[in-house]
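Here is the structure we will look at, set down as structure tokens.
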Amino acid sequence: MKGCVIVMAGALALGAGVAAPHVARAADEPALPHMKWSWQKNFGLGTIDRASAQRGFQVYNEVCSACHSMKYMAYRNLEGIGLTEAQIKAVAATKTVPGAPDDEGKPTTRPALPSDHFADPFPNDNAARAANNGALPPDQSLLLSAREGHADYIYALVGKGYVDAPAGVKVPDGLYYNTYFPGHFIHMPPPLADGSVTYADGTKASVAQEAHDVATFLYFASYPENDQRKHLGVRVAGFLVLLTGVTYAVKRRVWSGIDH
Amino acid sequence: MAGLHTSDFKNPVVRWIDSRLPLFTLMSKEYGQFPTPKNFNYFWNFGALATINLLIMIATGVFLAMNYTPTATGAFDSVQRIMRDVNYGWLLRLVHMNGASMFFILIYVHIFRGMYYGSYKAPRELLWMTGVALLLLLMATAFMGYVLPWGQMSYWGATVITNLFGAIPLVGQWIVTLLWGGFAVGDPTLNRFFSLHYLLPFIIFGVVFLHVVALHITGSNNPLGIEVKSEQDTVPFHPYYTAKDSVGMCVYFLVFALIVFLRPYIFSEVDNNIPANVLQTPNEIVPEWYLLPYYAILRSVPDKLAGVCCMFGSILVLFVLPWLDTSPVRSARFRPIYRIMMFALVADMVLLGHVGANRPEGLFILEGRIGTVLYFAFYAALPFVGWLERPLPLPESISRPVLPPRSGGGGGGGPLPAGVAAKPMEKA
Ligand code: HEM
């Protein structure tokens with residue numbers, strides 16, 4: 001039994017260890033700041049900090065969405081960070097999305113509904129590239145989950161990364177220097193500044209605060225199931241612990257008459 | 001009433017069915033009374049657990065397929081729809097995705113058990129070989145499944161692995177084109193992989209059936225590796241091993257649940273959250289963790305064809321294991337040298353896995369080569385170890401070991417309580 005547990009633990013550790021991020025950061029990129037995110041609290045059982053995610057949505061909505069699409073998110077999904085139905089309707093109504101062709105077959109537009117997916121900033125990728133010096137701003141629905149470092153990386157990139165290039169480094173035209181971006185030269189101009197947004201809840205909108213909030217919102221965009229998954233998980237795990245205990249007791253009883 | 005099966009069941013409905021189609025008798029014989037060595041440790045849970053895992057994969061897979069679109073333009077989007085819009089779609093997908101990793105954990109432990117306790121030796125050679133076939137089928141299924149979400153790693157992983165077949169002389173390129181259904185990995189590839197990914201689990205199911213039939217002919221091995229001598233060495237499968245397997249099942253469900261609900265992305269690559277892009281190769285193309293040791297072997301051999309041969313050979317060699325091992329003793333408990341070799345092999349697999357996860361640069365090249373040589377050295381040494389090793393004295397029987405057992409199984413002598421020993425006979 002002991003050996004068995006050890007081997008199982010070993011197999012798990014092997015799986016986890018080998019699968020762990022192994023793409024080392026290049027030597028000249030600083031280590032990422034390690035933030036304590038709300039979903040990492042309580043042994044990883046934490047839920048998403050809704051106030052922060054709502055502020056983060058405001059940052060996305062007023063700043064990032066000028067360049068970045070978020071095509072897998074629908075306005076109705078904002079329920080997941082605590083927006084009310086009325087708020088969602090109001091947000092959607094300010095957006096324009098392509099509508100059905102009119103009687104003459106000409107394309108039309110209409111205000112978005114809660115069931116619509118987030119409106120795209122550009123009609124197509126080429127338009128997005130043309131507006132950004134040839135670089136395509138990646139869709140943000142899964143951006144956080146598609147980068148090593150996840151929220152820490154997003155926070156560092158937009159919150160701390162834009163510094164003056166070291167002496168002697170010539171930043172090419174149309175590019176910007178960012179310590180955390182692989183290769184350092186990024187096509188994205190610094191998106192955040194102190195006071196880029198005015199938070200309704202009175203939180204002071206420093207660059208660090210905005211970066212923290214937008215990273216929280218991007219976490220939600222990548223893992224919208226986070227809260228539901230963990231609520232359910234606690235109950236399932238609790239049930240299984242009980243069941244394991246009962247089953248083990250039964251097994252002991254069944255085997256009690258056997259000399260083995 | 002000629003030809004009807006004489007059923008022992010009392011319930012008239014059961015009896016009516018059983019005398020025409022003796023399923024109840026079969027189940028009762030093979031999973032009720034089936035005499036099973038009484039000294040199993042928890043390693044003997046893993047076959048049953050793998051069977052359950054297979055059923056879970058089929059169940060979740062069928063529901064995923066209802067919402068999945070097997071086209072290059074639609075696949076990635078449909079997976080996101082499952083994650084976001086399908087009711088509990090995220091749960092289906094996370095169970096299926098992590099279920100693949102769970103499957104390999106179970107199977108690797110199951111194989112370790114077989115090797116450590118010598119379950120592959122006569123008369124269980126065919127049982128073992130159907131097992132190796134299951135491992136190969138499982139790998140093929142998992143590989144094709146990983147292609148389906150059509151992320152960057154899906155696409156480029158598929159490109160690298162299918163290209164390996166190109167190393168085969170003469171027919172290589174033809175096979176690759178056949179796999180692709182074109183001149184590169186694309187829509188037709190995805191279509192056929194989806195079709196095969198749906199098919200293979202049912203073939204696995206069939207091979208599991210053969211595996212279990214073979215098991216029920218030879219009977220199970222046990223931690224002492226000696227044959228059952230008398231009824232005193234066995235207990236009926238039910239309730240003894242149904243109870244013990246249930247404990248293992250609960251623990252397995254618990255581990256599975258903790259992964260699915262708390263760390264569901266622990267085994268996944270960030271790059272697979274980027275839709276497949278033909279024009280942009282990821283920094284590093286790595287397969288899933290369970291294929292890494294073989295990937296390391298592939299990359300450790302400088303020649304492509306030789307590398308491919310070594311990679312496939314590293315698994316195919318398992319087919320001949322029963323004949324490579326010349327020792328008459330099964331269990332590593334009584335084989336001092338083989339025991340050490342087994343642990344060395346596990347360590348070597350871990351080393352190779354680590355190498356496979358990293359770019360073949362600097363020290364990793366050397367480590368990979370040493371690991372590969374050691375891997376094959378294990379099998380090459382087996383015949384000689386069998387001849388030279390002096391095994392420890394074997395116990396007389398399962399009920400009467402001459403030696404105090406190591407931790408866990410084994411057991412002091414003494415007959416069973418009368419009721420238990422009689423049970424297997426009652427219905428026979
Ligand atoms: C789809 C994958 C597989 C399933 C569902 C499966 C299922 C089972 C089951 C239910 C048993 C009986 C319970 C036990 O002793 O654990 C068993 C026994 C066995 N399996 Fe498998 N198996 C699988 C893969 C393999 C593989 C890959 C191998 C080896 C390469 C293997 C080798 C064996 C052997 C040797 C036994 C007899 C063990 C003994 O009596 O000591 N199996 N398997």
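Any read-out appearing in this document is the output of simple, stated calculations on the displayed coordinates, not a laboratory observation. For clarity, every value in this text was computed on a predicted model and none was experimentally measured. Backbone-built Cβ (ideal geometry, glycine too); neighbour counts: all protein chains shown.
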Work out, in µm²/s and without decimals, the Stokes-Einstein translational diffusion coefficient of the stretch B:286-394 at 4 °C, 1.567 mPa s, Rh from Kirkwood over C-alpha pairs.
88
Size of the dipole of chain A about the Cα centre, Lys and Arg at +1 and Asp and Glu at -1 on the beta carbon, nothing else charged, in debye to 20?
1220
Candidates A:A208, A:A130, A:A112; GNM for chain A (alpha-carbon contacts under 10 Å) flags as most fluctuating A:A130
Out of A:A100, A:A92, A:A127, any idea which swings most in a Gaussian network model of chain A, alpha carbons joined below 10 Å?
A:A100
Rank these for me by crowding, A:H34, A:H187, going from fewest to most other beta carbons within 10 Å.
A:H34, A:H187
Taking chain A and counting helices only, DSSP H stretches of n ≥ 4 at -39,500 (n - 2.57) each over all residues, the nearest-500 ellipticity at 222 nm comes to -13000 deg cm²/dmol
Any idea which of A:A112, A:Q140, A:A127 is furthest toward the positive side of the dipole for the stretch A:102-164, if Lys and Arg beta-carbons carry +1 and Asp and Glu beta-carbons -1?
A:Q140
For the protein assembly as shown (alpha-carbon point model, no solvent) the Debye-based log₁₀ I(q)/I(0) at q = 0.09, 0.12 Å⁻¹ works out to -0.91, -1.38
For the pairs A:K41/A:K95; A:K71/A:K170; A:K160/A:K204; A:K41/A:K160; A:K95/A:K230, flag any whose C-alpha to C-alpha distance is greater than 29 Å.
A:K41/A:K95; A:K71/A:K170; A:K95/A:K230
Over chain A, relative contact order from alpha-carbon pairs under 8 Å, at least 6 apart, %
23
Straight-line reach from B:K229: which lysines fall under 29 Å, measuring Cα to Cα and dropping same-chain residues less than 8 apart?
A:K2, A:K251, B:K29, B:K38, B:K121, B:K244, B:K423, B:K427
DSSP H helices in chain A with Cα extent of 15 Å or more along the helix axis and mean Kyte-Doolittle hydropathy at least 0.0?
A:2-19, A:207-222, A:226-255
Between the stretch B:38-81 and the stretch B:267-300, what is the separation of their alpha carbon centroids in Å?
21
With n ≥ 4 as the cut-off for DSSP H runs, can you work out [θ] at 222 nm for chain B, using -39500 (n - 2.57) per run divided by the number of residues, rounded to the nearest 500?
-19500 deg cm²/dmol
Going by how many other Cβ atoms sit within 10 Å of their own, how do B:R299, B:R330, B:R15, A:R252 line up, fewest first?
A:R252, B:R15, B:R299, B:R330
Could you tell me which of B:T281, A:F185, B:S268 has its Cα farthest along the dipole of the protein assembly as shown towards the positive end, charges placed at Cβ (Lys, Arg +1; Asp, Glu -1), taken about the Cα centre?
B:S268
In a GNM of chain B with a 10 Å cut-off on Cα contacts, which of B:N39, B:N221, B:N358 has the highest mean-square fluctuation?
B:N358
Considering only B:S19, B:M83, B:F63, whose Cα is most displaced toward the positive end of the charge dipole of the stretch B:1-138, charges sitting on Cβ of Lys, Arg (+1) and Asp, Glu (-1)?
B:S19
I want the local charge near B:W156. Using Cβ-Cβ distances under 12 Å, sum +1 for each Lys or Arg and -1 for each Asp or Glu among the other residues.
-3
The stretch B:63-136 - charge dipole about Cα centre, Lys and Arg +1 at Cβ, Asp and Glu -1, debye rounded to 20
200
To the nearest 20 Debye, how big is the dipole of the stretch B:1-102 about its Cα centre, given +1 on the beta carbon of each Lys and Arg and -1 on that of each Asp and Glu?
160
Normalising by the residue count of chain B, find the relative contact order in percent from Cα pairs under 8 Å and 6+ residues apart.
22
Taking the 0 to 90 degree range and rounding to the nearest ten, how far is the long axis of helix B:363-388 tilted relative to the main principal axis of chain B, both from C-alpha atoms?
30
Relative contact order %, the stretch B:70-218, counting alpha carbon pairs below 8 Å whose residues are six or more apart:
31
What is chain B by shape, rounded, prolate or oblate, if you read a ≥ b ≥ c off the alpha carbon gyration tensor as root eigenvalues and call it rounded for a/c under 1.5, prolate for a/b larger than b/c, and oblate otherwise?
oblate
Partner shielding of B:262-275, taken as the mean number of other chain Cβ atoms within 10 Å, equals 5
What is the helix-to-structure angle for B:187-218, meaning the angle in degrees between its Cα long axis and the longest Cα principal axis of chain B, kept from 0 to 90 and rounded to the nearest 10?
10
